[in-house]
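Encoded as structure tokens, the structure appears first; notes follow it.
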Amino acid sequence: PQLAIIIENVSYKTNVLEMENDIKSRYDNVVKVIRLKNKNQFDTKFVKVEFNSPKTRDDILNKGYMTIDYIKYDVKEYLPQASILICSNCMGIGHFRKQCKQTNATCKICSEQVKDASTHQCQGVVKCLHCGGAHHSNDLKCMVIKQFRSDLTKNLLSAPHKQSFNRQTDLALQFPPLPQASKQSITNYQMSTNVQNGIMIKLDQILNSIHKFESTMGDLTKRTEVIEEWITKKGKNVTKMENDIKAVQLSNVRIDGELKHQVKGENSFGGVVIIIRRSIPVKRIDTCLPNVCVLDLVLGEKIRIIGIYAPERDFNVDLNNDTQSSEALLEWADTCSLAPCTPSAATSLRSNRTIDYALSNGVPLSIQTYEGGTSSDHKPILSTLPGVLARSLD
């Protein structure tokens with residue numbers, strides 16, 4: 001799992017930058033504080049806190065809360081969406097081609113089993129092997145694959161080694177007891193008749209005022225509903241405009257907090273650029289190959305990142321929609337024990353295709369498509385890697 005936790009129920013009015021400064025002043029080994037967004041890129045009430053020390057994160061999870069600006073917030077462990085494997089031989093879920101026990105190959109388009117996939121004459125009738133729907137059997141949008149991913153995530157969340165986290169604890173002992181109420185005897189007190197009559201008159205006046213107020217409120221309720229509906233629509237438009245402005249601003253911001261590694265390409269349209277945060281130790285591996293950039297991230301263990309641009313015949317492969325080229329790429333990935341990690345949004349600006357992705361040999365990746373401005377016809381992809389920062393290189 002990543003070295004991060006989730007803070008719940010953070011008000012939209014809370015300034016995340018001020019919150020980050022307060023967290024870093026109270027807790028050690030805090031790397032970054034981020035407010036999470038939903039699929040529509042709107043802010044949520046969940047804030048993710050990243051650490052570079054597992055001990056600090058585990059201590060906070062065991063406690064079950066964080067105190068920020070004199071407010072106590074509940075916390076829970078952050079788990080990224082689980083990655084699943086789809087066999088390129090039988091289209092089954094949860095294993096590689098090397099571990100597949102099926103002798104015949106299964107066509108990902110028509111779901112028919114054949115002895116040799118290279119000689120198979122597919123009729124082009126699209127049918128999913130898992131749900132029978134009109135899509136490819138390895139489509140990540142299949143309802144069966146989505147349910148498998150959901151069940152896998154639930155199993156990870158309910159694993160025994162996490163049962164001590166997020167456990168509700170009795171906090172009554174952490175507060176001092178309230179003082180005992182002083183009891184005064186009123187047995188011998190008697191209210192006069194004049195006082196009682198005065199109180200009843202006051203109560204009648206209050207009741208009449210309440211009835212008048214209720215009748216007035218009844219007239220204002222309909223007007224209020226109309227105004228609230230108008231305010232809601234106005235708020236949505238304002239939020240959309242703010243997000244559009246933020247997107248334009250982000251597209252023009254200089255990347256001062258990151259370190260850029262690049263390799264010149266064979267042509268004017270090629271080359272590779274990898275941007276890494278300056279706080280992450282990086283070791284550059286020199287190669288004599290154009291269009292290839294190799295970096296070693298010195299974290300808890302070394303993680304090697306290889307960026308490749310293939311200019312020959314514009315090698316843009318969509319793993320879900322292409323046939324021959326995607327099968328060749330997936331077959332090569334299986335022989336190298338690599339699993340594809342694709343973003344949920346398209347990466348091509350010319351079409352609705354996902355042609356930029358990553359291949360991983362077991363390192364959990366979180367891939368996202370950058371929706372800001374770019375001068376290329378490809379959208380950049382962003383990745384988050386787990387790990388603990390090492391103090392020095394090698």
So D74, is it acidic (D, E) and in contact (Cβ under 8 Å) with a residue 40 or more places away in the chain:
yes
Report yes if R97 is under 24 Å from the mean Cα position of the chain (by Cα) and surrounded by 16 or more Cβ atoms within 10 Å (Cβ to Cβ), otherwise no.
no
Residue that is farthest from the chain's Cα centre (by Cα), among those in the range 203-220 that are of a type in the set (A, V, I, L, M, F, W, C) and modelled with pLDDT of 85 or more
L203
Looking at this structure, is V16 farther than 30 Å from L319 by Cα, crowded, with 18+ Cβ neighbours inside 10 Å and in contact (Cβ under 8 Å) with a residue 12 or more places away in the chain?
no
Can you pull out the strands (runs of 3 or more DSSP E) entirely within the range 279-354 that have at least 2 residues that are aliphatic (A, V, I, L, M) and within 26 Å of the chain's Cα centre (by Cα)?
292-298, 302-308
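The values are calculated or read from the model by the stated rules, or taken from the named source; none is laboratory data. All values derive from a computational prediction rather than experimental measurement. Positions of Cβ are generated from backbone atoms using ideal geometry, with glycine treated the same way; all protein chains shown enter the neighbour counts.
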